[in-house]
Structure formats: C-alpha cells, structure tokens
Amino acid sequence: MPVEVRKVVLESVSDASGLAALIDDGVFDADGVVAVVGKTEGNGGVNDFTRILADQAFRKVLMEKGTRSQDEVDAIPMVWSGGTDGILCPHATIFANVEGDGEASDEPRLAVGYAMSDVILPEDIGRPAMVAKVAEGVHRAMKAAGIEDPADVHYVQTKTPLLVMDTINDAKSRGHSVYTEDPLESMNVSNGTSGLGIAVALGEIEMPSAEQIGHDLSLYSSVASCSSGVELDRAQTVVVGNVRGAGGRYRIGHDVMNDALDVEGVYRAIRSAGLDLPECARADDLDGKLVNVFVKCEADPTSRLRGRRQVALDDSDVHHHRHIKAAVGGVVACAINDPAAFVSVAAIHQGPSGGGPVAAIVDLG
C-alpha cells in the first residue's frame, strides 16, 4: 500500500491533536498508522519522562479513533527522541498506509517496515551480541517493507534499551559484567552498537570485534539514527526506503553531514530524495516539498571544528549533547526554514565522526 507521511507539531508535552486532526480530516485512518518518529521537549537523558507522555497521548488517539486492540496499538513503533534544545520544536512525523489511487507507477516511492529484535540483555549492550541482534531485526524490517536491495534503504531508526542501576545489578547477579556502569554513557554505547548492527545488516561494514565497538570511529552506518531509553528491552527498528511500484507521492534519500556546519549535507540528502535543487541551494528552493529531515549529530571528539577550538566537551555545567543538538538544530532549521526538524545526538558509529547521517523525505506530488 502507498504510505502517507505528515509532520505535526506538539503544542504541549502530551499533545496529540495534530494526529487526531489528520485522522478526522481523512488524510489517513487511525488503523493505517504504522510508525511515529518524534521529538519531545524533555532533557533527552535517561530520566526523560516526556517521551512516555507523548507516547501515551498518541496511542490514546489511535485507540479512540481506530478499531485495533490495545495490544495491536501498543505494538506500533513510536520512537521518541527527547530534547529540543535551542530553537528545535517538539514534533512528530507520522507514517500511515493508505489506499492507492489506481495503478502505481514504477517510480521508487516510500516504503516502511518494522520489526522487534530478540531481547537485548544488559550484558549485550556495547558488545557483538547486540550488533548481531540489531542486524537480524533490520533484515526482518526490510522484508516487512518489501525492500530487497540494501541500497534502497535510506533511513533506519532504532530504539534500544540502555543501562540503569537495576539492569546493571541484574547482570552482576547472573555473573556477567556490563560495558559501563554509567547510565548516561550507556546511552551513547547503546546507540553506537545499534549503528554498527545496522551497518552490518546493510553490508556497509563487516562484523566488528568487541574491541572496535565504541572505539574504531571509522566504522559507521550512513543511514542509522539510533536512540535508546528505559522504555523497552529489545531493539525496535523502523526501516524506511524506496520500493518501485509502491505508489504514493513520497520518496526518501540520504547523505551525511561531515561536521556540524555541513549545511550542504542537508541539501545533498534532499537531492538524493529526488528534489531538483540548484548548486547553491537555500530554503526557498524547497518550495514546500520537504516533509522532514532526520539528522544525527555529535560533538567532534577532537574538540575541533574546521580547525577552531571547541569547549563543549570540557563543560561541566551543560552536557555536550545539549550544546551540539542546539547548534546543529540551528544549522538544519536555517537550511530548511523550519525548526521542527528531527535532530538527535549520541551519534557514535552513525555517520562520520563529528558529523552524522541525514535522511530527507520529499513530496513529489
């Protein structure tokens, strides 16, 4: 079935009125919603409860306006990334299956697939076992999307567990060690390990050794966007790509930002999605055809940006995640003239070191 994709703003921490309006206006049915990827306004940390509030609000609307059971609605992948530092705006991008209008053309159009991995144990995080489990989940999500060629995958969004004191102590009680006993650091580690799993699944790299995870920054996926939290115990995977004959108006492409100032990386991703832009593009050239961009970023571990010294990694008052999210959010918002952009941090093994992947969805009409 063709996929409809729309972006709505969250006017409060538990606002799902944008989703409700799209259903009421007949853009898609509640039962057609297959995935949601959004930004919430919390601290983006381990204890960011705004992700849970947004999740509950969106699932409540789907229950009230659809016919699916509670278990079916609970199974819908909703990946919430906390933290809208700087000028970023809380929002959600909603993917829904819709009925096609006649015979679909052979043009590549948006397709979405979803899968859950096997349970990821606390001792798996940051280790090859987690890489393998994520990779297997990506393969199943590709199959669900009808995507056979890894080259047709342009965006893989995962949500994975991180470590908290309860799970750290659980591993120890069973005689196992964990990668780190710092819950916040485990967020980076979980994200990075997922990124490597995606890269393995898509043939971007070979299976890494345990020693390479979190250390060999030459290993990365160009389409991975990985988040982690306390909400689940396995990898929730959404694969977005293009399938010929899928129908619909939308297409996705990707590229990378090579550093925090690489605004051209955003435009390269949009061109990859099929939108014709001039060589020196600007926001006005998008002509309202961009649905959203999805960006991962990180503070450059060398503490240098185009040769200039950076101090975010030395800041003991404000975590460097918040510095870089706000900075890259400003760059991306300027590029697309919209602060409702999906910009997420902790990008180790996701795009080049100091930069990150960019996926773009456009409406080709």
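The values are calculated or read from the model by the stated rules, or taken from the named source; none is laboratory data. Everything quoted here is computed from the prediction, not taken from an experiment. Backbone-built Cβ (ideal geometry, glycine too); neighbour counts: all protein chains shown. Ligands, DNA and RNA are stripped out before the accessible areas are found, and what is left, the full protein with its side chains, is counted by its heavy atoms. Shrake-Rupley method; radii C 1.70, N 1.55, O 1.52, S 1.80 Å.
Accessible surface computed residue by residue for the stretch 1-132, with neighbouring protein chains in place and a 1.4 Å probe, gives 41 Å² per residue.
Springs between Cα atoms under 10 Å define the GNM used for the chain, and in it the highest mean-square fluctuation of Tyr114, Tyr250, Tyr179 occurs at Tyr179.
Only protein atoms count toward the accessible area here, which uses a 1.4 Å probe; on the stretch 146-280, the carbon and sulfur part of that area reaches 48 percent. Distances between every pair of Cα atoms in the stretch 48-111, grouped in 10 Å steps from 0 to the bin holding the largest one, split as 15, 38, 27, 18, 2 percent.
Nearest 0.05, what FRET efficiency do Asn43 and Asp233 give at R0 = 22 Å with Cβ-Cβ as r? Once rounded, the FRET efficiency stands at 0.45. Its Cα gyration tensor gives the stretch 276-341 an equivalent ellipsoid; the semi-axes, largest first and in whole Å, are 29, 14, 8.
Taking the empirical scaling 2.2 N^0.38 Å for compact globular proteins as reference, the stretch 92-170 has a Cα radius of gyration ratio of 1.45. Excluding same-chain neighbours fewer than eight residues apart, the lysines reachable from Lys172 by a Cα-Cα span under 29 Å are Lys133, Lys159. Quick check of the Kirkwood formula: for the chain, what is the inverse mean of 1/r over all pairs of different Cα atoms, in Å? Result for the chain stands at 20.3 Å. Annotation: amide H-H contacts under 5 Å for Leu305 (H modelled 1.01 Å from N, sequence separation of 5 or more, or interchain): Gln310. Per residue, the solvent-accessible area of the stretch 216-365 (1.4 Å probe, heavy atoms of protein chains only, all protein chains present) comes to 40 Å². Derived value for the stretch 159-211: Kirkwood hydrodynamic radius 12.2 Å. Basis is the mean of 1/r over every pair of different alpha-carbon atoms.
Starting from a Cα-only point model with no solvent, please compute log10 I(q)/I(0) by Debye for the stretch 202-327 at q = 0.14 1/Å. Computed log10 I(q)/I(0) values: -0.89. Restricting the stretch 89-180 to trypsin sites (Lys or Arg not before Pro) that sit in a DSSP loop and have at most 11 other Cβ atoms within 10 Å of their own Cβ leaves Arg174. In whole Å, how far is the Cα centre of the stretch 79-150 from that of the stretch 277-351? Using only Cα atoms, the two centres lie 22 Å from each other. Note on the stretch 204-265: along the principal axes its Cα atoms extend 44, 34, 25 Å, ordered by decreasing extent. Among the protein heavy atoms, those of His139 account for about 100 Å² of accessible surface (1.4 Å probe, every chain in place). Per-peptide packing, taken as the mean over residues of other Cβ atoms within 10 Å, places 144-156, 209-221 in the sequence 144-156, 209-221 from highest down. Taking Cα centre as origin and charging only the Cβ of basic (Lys, Arg, +1) and acidic (Asp, Glu, -1) residues, the dipole magnitude of the chain rounds to 320 debye.
Restricting the calculation to Cα atoms, every distinct pair contributes to the Kirkwood radius of the stretch 1-98, found to be 13.4 Å.
Projecting the Cα positions of Ser117, Gln236, Ile213 onto the charge dipole of the chain (unit charges on Cβ atoms of Lys, Arg, Asp and Glu, taken about the Cα centre) puts Ile213 furthest along the positive direction.
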